[in-house]
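Taken together, the values in this text are just the output of simple stated rules run on the coordinates, not laboratory data. It should be emphasised that the depicted structure is a prediction, and the values quoted were computed from it without experimental measurement. All Cβ positions, even for glycine, are placed from backbone atoms using ideal geometry, and neighbour counts span all protein chains on display.
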Amino acid sequence: MRNAFSFIFIFLLTLACTPAEETASGMTEIFNGSDLEGWQIPDNNIWWSVEDGMLKAASDTAQTGSILWTEKEYGDFIVQADFKMGEGTVDSGIFLRSDDQQIQIGESGSLKRDMTASPYIAGEGYPVEAEGVQKLLKMDGWNTLKVKAQGGMYTTWLNGQEVMNYTAQEVQQSGPIGLQLHPNRDMTIDFRNIMVEEI
């Protein structure tokens, strides 16, 4: 009996001395999985909907495209989202503070090939291309894209692996974060677990 008590005591002491795992990532959910609260819903919205915890984007018949912006504006931040390619030619992305600079998801309309996790800069096109994306990208499953925007320094991770670093010369210091549904495309794309950490 004494040995049993000694074992229990040592076990409890071990638990008490073991550091707890980090559970708080510092990130805040900006999509609640139920509705578009916290987002600027476009007038006559026919593109963005919420279903089964997913934010779904789909082109209309006229392929007019749309951007879904956060209501809140951000300076330096990390944004992370899961995305799943849908039907058609997927051409989407995450806008960083304005519609002049974004991180691409899917096929570039100008280059006609996938440029996921690469930066698109208005007037410059794609100054660099993310590395190793073809091996990491799941065309039929969920992917996680993380973007760090610190001033003009952009870093991206795809499915946990760092794939791109780039410094833009001219940036807007603060602004909303946007999700793109590109015009002139017949496409769908789903998002979930959209989170932001201000830095």
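Using a 10 Å cut-off around each Cβ, can you sort Ile177, Ile46 from fewest to most neighbouring Cβ atoms? Provide the component values of the computation, followed by the final result.
Values: Ile177 24, Ile46 13.
By the 10 Å Cβ count, ascending, the order reads Ile46, Ile177.
Do any GluC sites (Glu not before Pro) in the stretch 105-148 lie in a loop, going by DSSP, with at most 14 other beta-carbon atoms within 10 Å of their beta carbon, and if so which? Can you show the working numbers first?
Details: sites: Glu107, Glu124, Glu129, Glu131; in loops: Glu124, Glu129, Glu131.
When the GluC sites (Glu not before Pro) of the stretch 105-148 are filtered for loop state and at most 14 Cβ neighbours within 10 Å, Glu124 remain.
Please list, by residue number, every one of the GluC sites (Glu not before Pro) in the stretch 26-81 that is coil in DSSP and has at most 14 other beta-carbon atoms within 10 Å.
Details: sites: Glu29, Glu37, Glu51, Glu71, Glu73; in loops: Glu37, Glu71, Glu73.
Within the stretch 26-81, the qualifying GluC sites (Glu not before Pro) (loop, at most 14 other Cβ atoms within 10 Å) are Glu37, Glu71, Glu73.
Cα axis of helix 2-17 to longest principal axis of the chain: angle in degrees, 0 to 90, nearest 10?
Computed tilt is about 30 degrees.
In terms of modelled amide H atoms, which long-range or inter-chain residues lie less than 5 Å from the amide H of Ile30?
Placed amide hydrogens put Ile194, Met195, Val196 under 5 Å from Ile30.
Charges at C-beta only: +1 for Lys and Arg, -1 for Asp and Glu. How large is the resulting dipole of the chain about its Cα centre, in Debye rounded to 20?
Values: 13 positive and 29 negative charges, 140 e Å.
Taking the Cα centre of the chain as origin, the dipole is about 680 debye.
Mind checking the stretch 102-154 for trypsin sites (Lys or Arg not before Pro) that DSSP puts in a loop (not H, G, I, E or B) and that have at most 10 other Cβ atoms within 10 Å?
Sparse-neighbourhood loop trypsin sites (Lys or Arg not before Pro): Lys112, Arg113.
Ordered by residue, what ³J(HN,Hα) values in Hz, to whole numbers, does the stretch 72-87 give under the Karplus form 6.51 cos²θ - 1.76 cosθ + 1.60, where θ = phi - 60° and Gly and Pro are x?
Residue by residue, the stretch 72-87 yields 7, 9, 10, x, 8, 7, 10, 10, 9, 8, 8, 9, 9, 4, x, 8 Hz.
List every residue whose amide H lies under 5 Å from the amide H of Asp60, counting only residues 5 or more places away in sequence or on a different chain, with H placed 1.01 Å from N in the peptide plane.
Residues meeting the amide H criterion: Gly65.
³J(HN,Hα) across the stretch 39-47 via Karplus (A = 6.51, B = -1.76, C = 1.60, θ = phi - 60°), whole Hz, x for Gly/Pro?
10, 7, 6, x, 4, 6, 4, 10, 9
Each residue of the stretch 178-193 in turn: what ³J(HN,Hα) in whole Hz from Karplus with 6.51, -1.76, 1.60 and θ = phi - 60°, glycine and Pro shown as x?
Result, ordered by residue: x, 10, 9, 10, 5, x, 6, 10, 9, 7, 9, 8, 10, 10, 7, 6 Hz.
Find the relative contact order for the chain and round it to a whole percent, using C-alpha pairs within less than 8 Å whose residues are 6+ positions apart. Each step should come with its number before you reach the end.
Numbers: 447 pairs, mean separation 62.8, N = 199.
Over the chain, the number comes to 32 percent.
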